[in-house]
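The values are calculated or read from the model by the stated rules, or taken from the named source; none is laboratory data. None of these values were measured; they are calculated from a predicted model. Quick reminder, even Gly has a Cβ in these numbers, built from the backbone with ideal geometry, and neighbours come from all protein chains shown.
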Amino acid sequence: MIEQERERALNTLDLIRDALESDNLQEAIKQIDTLQHQLVSWKQLDARQWLDHALQADLLLFNVEAANRRLDQWASTLEGRDDRELNQYRERVRERARQKQLDLQARGVVAHCHELWREAAELERSANPPTPDVMLEKYYVKTRDVAQAARYEFPDNPGLNALVERAEQLLADKQRAGQLYHQALLEDRYADALDELAALQLVDHVPRYRLSDDPTSNQRLIFDGMVTIDVAQKELEALGRQWAHSRVGTLLQHIHDHLTGFRPQEALKLLRGRKRIERFTETPIRDKLLQLEAQAESDLEKLERAEQQAQRALRLMQENPLGAWEIYAEAQVTYAGAPSVAEARMMILNRLTNNLKAQIAEAEKAFDAKQMRRIGEIYREARADYSDKAPELEALLSRLEEIDWQARTYLEYLDSASQLLEQLRLVVWEDVSAAGEMLNRLEEYPAIVLDELSGLSDIRATVRQRLNVEMIYNRLYQLMLSDSVEEVEQAINTAQDHADDPRFRQLIPMLEAHMTYLNAHLEYDLGQLKQALIMFEEVGAYEGHPDQPDANRFADEIRTRLMPPPVTGQAEVDKTLPTDELVDDQE
């Protein structure tokens, strides 16, 4: 635009020259006025363009004095008139001058901070650097505070804003760097320390520490100089591998214990920190940790599903305890170690136990009422419902099985005893001995069975009565061998008391014959041979009598003795007979 104004002014000069040469004074004056206006516009435009360039150029290049001269140039064209645009440029010049002054001050602050950082870097690289705490306080905290104070005074200065950002970041990096070995050596966080080391932005040296046992047996860190990032990284990785090698076995064992102990949450807690250790382990160990994590997550999912199943079983327990047990069994298969699964088992089992005890009580009541077939129904129902569920139920089922066995045994005994009783009824009048044996066998049956046998008491009385009679008969029959007339006579009287029994009616004459036999011996002993002969002959005539052979023998002997002697002129005295008997016979 300056060139355009120049061309216009030159054109106007040409017009003025032409007017003067043509003696056209009016036109020359007119063109002179036009030229004056063009020169004013030219000065203003020149001042404006210069100021625009100066205000937009680098702040440190801004020349306040030159800018004021341009403003004066602009003002000279106004002939004392006030101009709004000029005033705006004056304000902009003043603001630019103020900004330059502030920038110069800020640059001084920045230079001071950078000088402190340079000194700090030299100290950190020295053979005996100060401790990190001293360096932080004397340099890095100080530069941050200086930068923040300057920004507070000059809040809009970009350089100070950048300085504060760098000072804060550098301080944060230094503080984090000071904790690296603490994390690694005291907290076993080697992986975190290496991550922190890699995240440092503005530092190239970090404080190194080593462990030292103090007198109280507590580990503490001792500052051991500054090292580069690379050195720290290599050392921390080496220490991490040593630590991981010493801990991985214990970690795997703890995870395994948690998983086998149904504590997948605890296993996952350990596994969530596996990055702390797997970074320093070989591939097989990392694969094992991944496998255990997958197992723990699967177990946790199973645990949660088992918990849901167990809760559903508990809700169903009152309405349908057997159905609730089936759901519990599913939860047990899903994940046996879930806490609610154990709770569900206890509560549902308690309900099933009470129900089964009630069935046992019903079976016992039925047993007392001799409803044995009902016991079988109860047992079969209970076996179908409760078998193969829990040892506690099996113990109760054993009791119910015992009752069922007793009931079946009772029925078997009752059937057997009934058959034996029928046989007894048939035998009692045929063979009392066999009947007695049968009655003894029958009496061995349980009382609960005997109580159900109709007519047992009558047949028992009959058998016992017949056995008693049999005993009497046998005892009396044994007296056929007795030598006592009194015993035989008493036996005859006893037999006559049972004369309604054919055997006794048959026994009476036999006893009487035996008593005759005994009396014959008495007569024989008294020498009453004829009387004895009569008695012996009577007994000898009793066919089948035990005394018959002896009676006949004695009869023959007596007859021989009573035979008259042969006539020889002098009677011979039989030396085998007593003299008095011979006299009696002769008489």
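Of all residues in region 438-447, which are surrounded by 16 or more Cβ atoms within 10 Å (Cβ to Cβ) and in a helix (DSSP H, G or I)?
Answer for region 438-447, where residues must be surrounded by 16 or more Cβ atoms within 10 Å (Cβ to Cβ) and in a helix (DSSP H, G or I): Met438, Leu439, Leu442.
Cβ-Cβ under 6 Å, sequence separation 6+ or interchain: first residue in region 526-553 and under 20 Å from Ser482 (Cα atoms), partner among the aromatic types (Phe, Trp, Tyr) and in a loop (DSSP other than H, G, I, E, B). Which pairs?
Filtered contacts from region 526-553: Gln548/Tyr542.
One line per residue, one yes/no per condition, for (1) in contact with a Leu (Cβ under 8 Å, 6 or more places away or on another chain); (2) modelled with pLDDT under 85; (3) surrounded by 12 or more Cβ atoms within 10 Å (Cβ to Cβ); (4) under 30 Å from Ala520 (Cα atoms):
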| site | (1), (2), (3), (4) |
| --- | --- |
| Arg399 | no, no, yes, no |
| Trp429 | no, yes, no, no |
| Gly436 | yes, yes, yes, no |
| Val449 | yes, yes, yes, no |
| Leu453 | yes, yes, yes, no |
| Ile459 | yes, yes, yes, no |
| Arg464 | yes, yes, yes, no |
| Glu487 | yes, no, yes, yes |
| Ile492 | yes, no, yes, yes |
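Return the residues of region 319-333 that are farther than 22 Å from Lys302 by Cα and in contact (Cβ under 8 Å) with a residue 12 or more places away in the chain; say none if nothing qualifies.
Correct list: Pro321, Leu322.
Which of the helices (runs of 4 or more DSSP H) found entirely inside region 459-564 contain at least 2 residues meeting this: of a type in the set (Lys, Arg) and more than 60 Å from the chain's Cα centre (by Cα)?
The helices (runs of 4 or more DSSP H) meeting that bar are 502-526, 548-562.
Please enumerate the residues belonging to region 276-323 that are charged (D, E, K, R), loosely packed, with under 13 Cβ neighbours inside 10 Å and at pLDDT 90 or above.
If the condition is that a residue be charged (D, E, K, R), loosely packed, with under 13 Cβ neighbours inside 10 Å and at pLDDT 90 or above, then Arg315, Glu319 are the ones that fit.
Show me the helices (runs of 4 or more DSSP H) entirely contained within region 57-167 in which 2 or more residues are within 60 Å of the chain's Cα centre (by Cα) and not assigned by TED's automatic domain parsing to the domain that holds Leu45.
Once the helices (runs of 4 or more DSSP H) in region 57-167 are filtered for at least 2 residues that are within 60 Å of the chain's Cα centre (by Cα) and not assigned by TED's automatic domain parsing to the domain that holds Leu45, what remains is 132-135, 141-153.
Of the residues Arg274, Arg208, only one is more than 30 Å from Met347 (Cα to Cα) and within 37 Å of the chain's Cα centre (by Cα); which?
Going through Arg274, Arg208 in turn, just one is more than 30 Å from Met347 (Cα to Cα) and within 37 Å of the chain's Cα centre (by Cα): Arg274.
Go through region 545-559 and give me each residue that's crowded, with 18+ Cβ neighbours inside 10 Å and under 18 Å from Leu511 (Cβ atoms).
If the condition is that a residue be crowded, with 18+ Cβ neighbours inside 10 Å and under 18 Å from Leu511 (Cβ atoms), then His545, Asp547, Ala551 are the ones that fit.
Scan region 211-218 and give yes if some residue there is in contact with a helix residue (DSSP H, G or I) (Cβ under 6 Å, 6 or more places away or on another chain) and modelled with pLDDT under 90, otherwise no.
yes
So how many residues does region 522-544 have that are under 23 Å from Gln478 (Cα atoms) and crowded, with 19+ Cβ neighbours inside 10 Å?
4
Taking region 168-191 on its own, how many of its residues are within 19 Å of Val203 (Cβ to Cβ) and either hydrophobic (A, V, I, L, M, F, W, C) or not in a helix (DSSP H, G or I) (or both)?
6
Would it be correct to say that Phe223 is in contact (Cβ under 8 Å) with a residue 60 or more places away in the chain, surrounded by 13 or more Cβ atoms within 10 Å (Cβ to Cβ), touching a helix residue (DSSP H, G or I) at 6+ places or on another chain (Cβ under 8 Å) and under 29 Å from Leu292 (Cβ atoms)?
no
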